[in-house]
Structures are given as structure tokens and as C-alpha cells.
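Asks: Before I ask anything, here is the structure I am working with.
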Amino acid sequence: MRIYRQSQEVWALPACNPGGNLEFTVGGGRAKNDGEKSTSDYVLQAKTLFRPLTENDWGWGLGIGTVRHPENNPGPNLLGNIYAYIPVSASFFNDALVAHVNVGGLRDRATGTHSMTWGVGGEFRISSKFLAIAESFGDNHHQPYWQVGGRLAIIPDRVQIDATVGQPFAGPGNGRWISFGLRLTPERFF
């Protein structure tokens, strides 16, 4: 859930790895601006790791997907924005710090714009159950954003909750948000 001053979003992004090294995500979200009708978005994504991250080492992978906006992109196939990114992560000090960097591209179907996307962030272990998180992200056409927060492991490696605050680096304060998340990561469902 992400809450802005005059709008809110709720997302559900279930993912599964049916065996091997390929994860699929199929999910969606609803957004509601004050005084306006709700809109929906749908996400289809596939991710893989070419080198899994291990303690005091590094790893990298690839993610590709599409975000569909039926209200903005009507038509029989509802094809929306298409994106791809390469994430690279590194572990330091026995996972006390995990740094993340990614670079990618986005094609906005509505405008025909192609954007280079990027992100940089870190997870800082405060205790065995609590991580502080900080990141910045953006693209080559808009102001970058930042967010900071924390992640608490209720059941380590299985149930986590997180909260962040963020906003654009420059510009009006009405772009500020607060987010709350719940992660359920069971080893197996079946």
C-alpha cells in the first residue's frame, strides 16, 4: 500500500518459482485519486538469476515484464509499458550491508517514449530481525526519487513487514508518500 496526500494505491504481486531459476509474477493494483474513479494496473514479470547472491560476494540477474493500464490502453490485447532491467547486488561484512544497483529500459506505449531506468540502494542490518533500507531510483526523463524505511522479520525468511517514506528529490511536497508492505515467502505452498 502506498499513500499520498490525495491518492492511494494497493498492490498484490504474488510470485512463484515453479522449479529451477525462473520466477514469475502476476499481480495488480488499484489506484484512487481523491474525487476520481479508481484505476487498475496489471503486472506480468519474469526474473532469473545468472549468479545468485551469496554472503560476502555478488550476484546478478535479469527481469522483464509489462505493466498494463486498461483505462489508458484500451484494445483487445491491453499491451502496456514493457520493461527490462539488470539487477546487480553485493554483500559486505557478512551481509551487514547489501548494496543493490540496477539499470534498465522502459517503453511507454501511450507516449511512445523510451526511457533508461536506474536504481541504487542498500539494506543495512540493524539486528537479526531488522533492516534499514534506503534507495534512489528514476529514469532519464523525470526527477529522481528517494525512499528510506525499515523491514522487520516477524518470522525470519518467511514473514516480513516493511514501511518507507519517500518523494521526488526536488519539486512540490505533494509527491511525498508513505508505504506499508507485507511479504510472505514460504519455502513451499504445495
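Asks: Suppose we filter segment 106-116 for residues that are surrounded by fewer than 17 Cβ atoms within 10 Å (Cβ to Cβ) and among the hydroxyl-bearing types (S, T, Y); how many remain?
Replies: Adding up the residues that qualify gives 2.
Asks: Name, by its number, the condition in (1) open to solvent by 70 Å² or more (accessible area, probe 1.4 Å); (2) among the aromatic types (F, W, Y); (3) under 15 Å from the mean Cα position of the chain (by Cα) that does not hold for F92.
Replies: Single failed check for F92: (3).
Asks: Which one of K32, K47, K37 is more than 30 Å from F92 (Cβ to Cβ) and part of a strand (DSSP E or B)?
Replies: Answer to the check: K32.
Asks: Under 6 Å by Cβ, and 6 or more places apart or on different chains, what pairs join a residue from segment 24-44 that is free of Cβ contacts under 8 Å to residues at least 12 places away in the same chain with one that is open to solvent by less than 90 Å² (accessible area, probe 1.4 Å)?
Replies: Taking only residues 6 or more apart or on different chains, the pairs are S38/K32.
Asks: In the set T164, T185, which member is open to solvent by less than 50 Å² (accessible area, probe 1.4 Å), closer than 24 Å to Y85 by Cα and among the polar types (S, T, N, Q)?
Replies: When all the criteria are applied, what remains is T164.
Asks: Right, here's the next one. Only one of (1) modelled with pLDDT of 95 or more; (2) over 22 Å from M1 (Cα atoms) is not met by S136, so which one is it?
Replies: S136 satisfies all of (1) modelled with pLDDT of 95 or more; (2) over 22 Å from M1 (Cα atoms) except (2).
Asks: Within segment 94-112, how many residues are charged (D, E, K, R) and assigned to a strand (DSSP E or B)?
Replies: The qualifying residues number 2.
Asks: Exactly one condition in (1) of a type outside the set (D, E); (2) under 18 Å from the mean Cα position of the chain (by Cα); (3) open to solvent by less than 50 Å² (accessible area, probe 1.4 Å); (4) modelled with pLDDT of 95 or more is not met by V103; state its number.
Replies: (3)
Asks: Residue check: is A84 touching a Leu at 6+ places or on another chain (Cβ under 8 Å), touching a residue at least 12 places away in the same chain (Cβ under 8 Å) and within 18 Å of I133 (Cβ to Cβ)?
Replies: Taking the combined requirement at face value, the residue does not satisfy it.
Asks: Determine, yes or no, whether I64 is in contact (Cβ under 8 Å) with a residue 24 or more places away in the chain and assigned to a strand (DSSP E or B).
Replies: Spelling it out, it is not the case that I64 is in contact (Cβ under 8 Å) with a residue 24 or more places away in the chain and assigned to a strand (DSSP E or B).
Asks: Among the residues of segment 113-146, write down those that are assigned to a loop (DSSP other than H, G, I, E, B) and among the hydroxyl-bearing types (S, T, Y).
Replies: If the condition is that a residue be assigned to a loop (DSSP other than H, G, I, E, B) and among the hydroxyl-bearing types (S, T, Y), then S127, S128 are the ones that fit.
Asks: Just need a number here: residues in segment 167-182 that are outside any strand (DSSP E or B), under 19 Å from G119 (Cα atoms) and either open to solvent by 30 Å² or more (accessible area, probe 1.4 Å) or at pLDDT 90 or above (or both).
Replies: 3
Asks: Let me ask you something else. Being closer than 21 Å to Y85 by Cβ and open to solvent by 70 Å² or more (accessible area, probe 1.4 Å) is the filter here, so list the residues in segment 23-43 that pass it.
Replies: Hits for segment 23-43 are F24, V26, Y42.
Asks: Filter segment 1-21 down to residues that are open to solvent by less than 70 Å² (accessible area, probe 1.4 Å), of a type in the set (A, V, I, L, M) and either assigned to a loop (DSSP other than H, G, I, E, B) or farther than 16 Å from L184 by Cα (or both), then give me how many there are.
Replies: 1
The values are calculated or read from the model by the stated rules, or taken from the named source; none is laboratory data. The structure presented is a predicted model; accordingly, all values stated were derived computationally and were not measured. Reconstructed Cβ throughout: ideal geometry from the backbone, glycine too, with neighbour counts over all protein chains shown. Heavy atoms of the whole protein, side chains included, go into the accessibility calculation; ligands, DNA and RNA do not. Shrake-Rupley method; radii C 1.70, N 1.55, O 1.52, S 1.80 Å.
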